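Right, one structure below, let's go through it.
The values are calculated or read from the model by the stated rules, or taken from the named source; none is laboratory data. The structure presented is a predicted model; accordingly, all values stated were derived computationally and were not measured. Reconstructed Cβ throughout: ideal geometry from the backbone, glycine too, with neighbour counts over all protein chains shown.
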Amino acid sequence: MCGIVGYVGPRRATPILLEGLKRLEYRGYDSAGIAVGLAGSASEEGGAKGAPKASGNRLQVIKKIGKIAALRAVVPKDLPGDWGIGHTRWATHGGVTDANAHPHLDASGKIAVVHNGIIENYRPLREMLEKDGVRFASETDTEVIPNLIARYYEGDLEAAVKAALGHFEGTYGIAVIHADHPGLIVGARNGSPLVVGVGEGEMLLASDVTAMISHTRQVVYLNDGEVVVIEPSGYRTTGRDDRPVDKKVDQVTWELNNIEKGDYPCYMEKEIFEQPESIARALSGRIDRETASAKLGGLNLDKRRLREVGRVHVIAAGTSWHAGLVGAGLLESLARIPASAELASELRYRNPVVEKDSLWFAVSQSGETADTLYAMREIQRKGGTVLGVCNVVGSTIARESEGGVYVHSGPEIAVASTKAFTSQLAALYLFTLQQARMRDLSMEEGLRFIEALEAVPGAVKKVLGGRDELQRIAKKYSHATDFLFLGRGLMYPIALEGALKLKEISYIHAEGYASGEIKHGPIALVSPEVPSVFVVPDDGLREKTISNMREIKARGGPVIAIGVEGDGEVASIADDFFGVPKGDPRFYPFTMIVPLQLIAYFCALELGRDVDQPRNLAKSVTVE
Ligand code: G6P
């Protein structure tokens, strides 16, 4: 979703802002802009950078709908920019227009603001400001921010920002500059992430570390209610009440090449092919053969508390919810703990019962999804213990949960989630093993589980070897307008995820269903034009799924089956068959999702879609 970047330092701000915005593209956006401060004659006459100047400086704002390339095309090549802020906007209040793009200026043109989040009470604030004669240039909620700051400004930008913040209801991550304060940015956070990048003689501010990783790996994560002032020489953080807040500087552990495409044509393909390594990373150091269990130190729960868990709930959205459904299914069957996965957006508003012995997992790649975060806070408010399963280190969910597991998939840039999904599965499988071993799973069975888990990266690698065959299948069906994805048991969430992948990136309508459910409705859709993708492992449900495949074939529907290598019967019923290596049935979610990811990917390529940045979607959805 929206992205923020800001720079103060000795270098020209404009190219740094444009590069930062380019790196934020993956979050999803529909317009972009920058505001840079240009030192006027007063500044040229002397005075240390960072000291307020009375006059001579001005702000130049350039914004444009469409991609960063469109913005770049209208930014003058030689625009210096001594300091500045930039933004990628994903429209919420007001359509996709140049005027609604950020940064927004106050009426005098001296204060510029970029904003992530939503100011819910912007209407009364706007009316109040309009009564005072302020004329608004956009339809956004954001434009009230610079104007309210201007109202309080008496020479101290930080104080004016703090005074204005007291009026805002809703969520924000903001960065503010003032023409008369060269080399200074004020940032504030309430519900939308903001990170300070600490460089040598220069400082950055961004909503996401990817925007500044090429300049510094030393970062400071702001918490809600905190305000930061950055200047080339350093930063200071305070609460809105001016109380100083000491912050820890964190080190980003991943490398720049983790967020570059390398030899791949797009991020999604790269991330699909990274899965053998990313799954191995999620497992690394967490398997204890001696006890045939898992070591998950970050859970921060003692053994007694873990043994007393009576029920597990996963809270999540999108792909992470699908991972949660698999995890919950496995927990029930292996550890015999009642478990469910709930859509965060639903859970939050249905006044959930929070039992004393329940454990809650907030599963989120980004760790910033508003639905998941708010649902988690609701559970915590009622006394529930929530653990995070996140990929992004230092993300809000990771920091606000009582403990958890980082999945270590590395930065996931493509909007459609792939490697994070299989790493989330790995984390939930480890937790299941630990719980099962604390209950009635034998040492021998625990070791068998470990062996199968450790075999997953190799099996996924073999599946990836089937790339060309999957491309052939995808090409054959890519012109269908509707697809069904069907599976049973642990394969039902895999069918849901397969359907989600296809619709997200190819825009082909796809429905995921439990195979047993098709006769209750979806079978009416079956026709020679509607392919059905079955996920059919050699588990106890195979015969039932085969019957469902025959029902589709009998009605003239084409069938694509993702089964197990050498399964002649399934292959003979299906029009097209792809086999994954034979293995322990509990682990097929890892191998069977991969062909579905690749089919979705190749369908999207065939249709000429923007695979990494599909229309209307955002990587990290920070509004409800
Ligand atoms: C967005 C993304 C999805 C993702 C979902 C949950 O809708 O487009 O790909 O699955 O959010 O994101 P999370 O970061 O919480 O896993």
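Pairing each residue of region 419-447 that is assigned by TED's automatic domain parsing to the domain that holds L331 with any residue that is among the acidic types (D, E) and more than 16 Å from the ligand (Cβ to nearest atom), provided the two are 6+ apart or on different chains, yields C-beta distances under 7 Å for K419/E274. When I413 is tested against the conditions (1) modelled with pLDDT of 95 or more; (2) of a type in the set (A, V, I, L, M); (3) touching a Ser or Thr at 6+ places or on another chain (Cβ under 9 Å), the lone failure is (1). Considering region 263-308, the residues that are aliphatic (A, V, I, L, M) and part of a helix (DSSP H, G or I) include one that is farthest from R448 (Cα to Cα), namely M268.
Residue-by-condition table, conditions (1) surrounded by fewer than 20 Cβ atoms within 10 Å (Cβ to Cβ); (2) farther than 19 Å from V407 by Cα; (3) basic (K, R); (4) in contact (Cβ under 8 Å) with a residue 60 or more places away in the chain:
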{"residue": "D302", "(1), (2), (3), (4)": "yes, yes, no, no"}
{"residue": "I315", "(1), (2), (3), (4)": "no, no, no, yes"}
{"residue": "G318", "(1), (2), (3), (4)": "no, no, no, yes"}
{"residue": "W321", "(1), (2), (3), (4)": "no, no, no, no"}
{"residue": "S340", "(1), (2), (3), (4)": "yes, yes, no, no"}
{"residue": "A344", "(1), (2), (3), (4)": "no, yes, no, no"}
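Of the residues that make up region 81-89, is at least one surrounded by fewer than 20 Cβ atoms within 10 Å (Cβ to Cβ) and farther than 22 Å from G173 by Cβ? The answer is no, given that none of the residues of region 81-89 is surrounded by fewer than 20 Cβ atoms within 10 Å (Cβ to Cβ) and farther than 22 Å from G173 by Cβ.
Inspect all residues belonging to region 318-334 and state whether any of them is within 28 Å of V209 (Cα to Cα), within 11 Å of the ligand (Cβ to nearest atom), of a type in the set (V, I, T) and part of a strand (DSSP E or B). Looking for residues that are within 28 Å of V209 (Cα to Cα), within 11 Å of the ligand (Cβ to nearest atom), of a type in the set (V, I, T) and part of a strand (DSSP E or B), one finds none in region 318-334, hence no.
For the condition touching a helix residue (DSSP H, G or I) at 6+ places or on another chain (Cβ under 6 Å) and buried (at least 24 other Cβ atoms within 10 Å of the Cβ), A211 qualifies. The set of residues from region 167-186 being outside any strand (DSSP E or B) and free of Cβ contacts under 8 Å to residues at least 60 places away in the same chain comprises H167, F168, E169. As a summary of the residue check, R348 satisfies the conditions (1) within 16 Å of the ligand (Cβ to nearest atom); (2) in contact (Cβ under 8 Å) with a residue 40 or more places away in the chain except for the one numbered (2). Within region 530-543, not a single residue is among the polar types (S, T, N, Q), within 15 Å of L596 (Cα to Cα) and assigned to a helix (DSSP H, G or I). Residues that are buried (at least 20 other Cβ atoms within 10 Å of the Cβ), within 21 Å of R217 (Cα to Cα) and away from the ligand (no atom under 12 Å from the Cβ) within region 355-407 comprise just one, Y406.
Of all residues in region 127-178, those being more than 21 Å from R58 (Cβ to Cβ), among the basic types (K, R) and more than 32 Å from the chain's Cα centre (by Cα) number 1. Can you spot a residue in region 517-529 that is buried (at least 23 other Cβ atoms within 10 Å of the Cβ), touching a Ser or Thr at 6+ places or on another chain (Cβ under 9 Å) and either polar (S, T, N, Q) or outside any loop (DSSP other than H, G, I, E, B) (or both)? Within region 517-529 (the criterion being buried (at least 23 other Cβ atoms within 10 Å of the Cβ), touching a Ser or Thr at 6+ places or on another chain (Cβ under 9 Å) and either polar (S, T, N, Q) or outside any loop (DSSP other than H, G, I, E, B) (or both)), the answer is no, since none of the residues qualifies.
In the set I272, I279, I287, only one residue is in contact with a strand residue (DSSP E or B) (Cβ under 8 Å, 6 or more places away or on another chain) and either within 16 Å of the ligand (Cβ to nearest atom) or within 15 Å of L430 (Cα to Cα) (or both); that residue is I287.
Quick check: anything in region 429-451 within 16 Å of the ligand (Cβ to nearest atom) and within 20 Å of E332 (Cα to Cα)? Checked against the condition, which is being within 16 Å of the ligand (Cβ to nearest atom) and within 20 Å of E332 (Cα to Cα), region 429-451 yields no hits at all.
Only one of the listed residues (I145, I118) is modelled with pLDDT under 95, farther than 17 Å from G37 by Cα and surrounded by 14 or more Cβ atoms within 10 Å (Cβ to Cβ). That residue is I118. Please find, among G20, G28, G47, G33, the residue that is modelled with pLDDT under 95 and buried (at least 20 other Cβ atoms within 10 Å of the Cβ). The conditions single out G28.
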